[in-house]
1. Only residues that are in a loop (DSSP other than H, G, I, E, B), touching a residue at least 12 places away in the same chain (Cβ under 8 Å) and within 20 Å of Asp133 (Cα to Cα): list them for the range 46-80, please.
2. Does the range 116-132 contain any residue that is at pLDDT 75 or above, farther than 16 Å from Val37 by Cβ and not basic (Lys, Arg)?
3. From the set of residues in the range 71-98 that are of a type in the set (D, E, K, R) and modelled with pLDDT under 90, which is farthest from Val54 (Cα to Cα)?
4. Return the residue satisfying two criteria in turn: it lies in the range 80-102 and is over 16 Å from the mean Cα position of the chain (by Cα) and among the charged types (D, E, K, R), and of such residues it is farthest from Arg44 (Cα to Cα).
5. Among the residues of the range 82-102, which ones are surrounded by 14 or more Cβ atoms within 10 Å (Cβ to Cβ) and in a loop (DSSP other than H, G, I, E, B)?
6. Name the residues in the range 41-64 that are in contact with a helix residue (DSSP H, G or I) (Cβ under 7 Å, 6 or more places away or on another chain) and among the small types (Gly, Ala, Ser), would you?
Amino acid sequence: MARTRLALVAAILAGLAGPALAHHAVGGEYDPNKPVVLTGAVTRVEWVNPHARVYFDVTSADGTVTNWSVELAARVVLERMGWNGRSLRPGDKVTVRGDQARSGAPMLNARAQETRTLRESGGKPQVYPITRDDGTPVLNER
C-alpha cells in the first residue's frame, strides 16, 4: 500500500515538473555573440504566451525581402511596461536590436539585449531594443 502511494505521488510530481522543464533558455536558442540591428516594416504582431512576437520585413541592399521574427517578453511583462497588442501595427517602420538565432534563421530575441542593457546601465537603458522610425522607443518605455 505504501509503495502504491509513493508511486502515485512520484507520478504526479513528475507530471507537474514537465511544463517547467519544457521552457527554453534564451541562450540555448539565441546567440549573444550574434547581435543584430535591423530596420523594416511590421507585418504582424502575435500577442500570445509564453512570448509575444513581432514579424517584420527587412529589405537587403540587393532588394531581397526577408521576414524576420523577434521574440519579446511574456505578455504580462509587456503589459506592465505599457504595451498591448496594438502597440505596433502592420506597416509601422521599426529598428530592432537583438540576438540572432543560433541556427542562423531570421529570428532574434530582443529580451536578452534589453536585459544586458539594463544590467550594464544600472537600470536605465541607453539603447532600446525596438524603436520607431523617428527613434522613439517602443519596447521598454520605462
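1. Leu72
2. Within the range 116-132, not a single residue is at pLDDT 75 or above, farther than 16 Å from Val37 by Cβ and not basic (Lys, Arg).
3. Checked the range 71-98; the qualifying residue farthest from Val54 (Cα to Cα) is Arg80.
4. Once the filter is applied, the top-ranked residue is Lys93.
5. The answer is Trp83, Gly85, Ser87, Leu88, Asp92, Arg102.
6. Of everything in the range 41-64, just one residue is in contact with a helix residue (DSSP H, G or I) (Cβ under 7 Å, 6 or more places away or on another chain) and among the small types (Gly, Ala, Ser), namely Ala52.
The values are calculated or read from the model by the stated rules, or taken from the named source; none is laboratory data. Fair warning: this is a prediction, and the values are worked out from it, not measured in the lab. Reconstructed Cβ throughout: ideal geometry from the backbone, glycine too, with neighbour counts over all protein chains shown.
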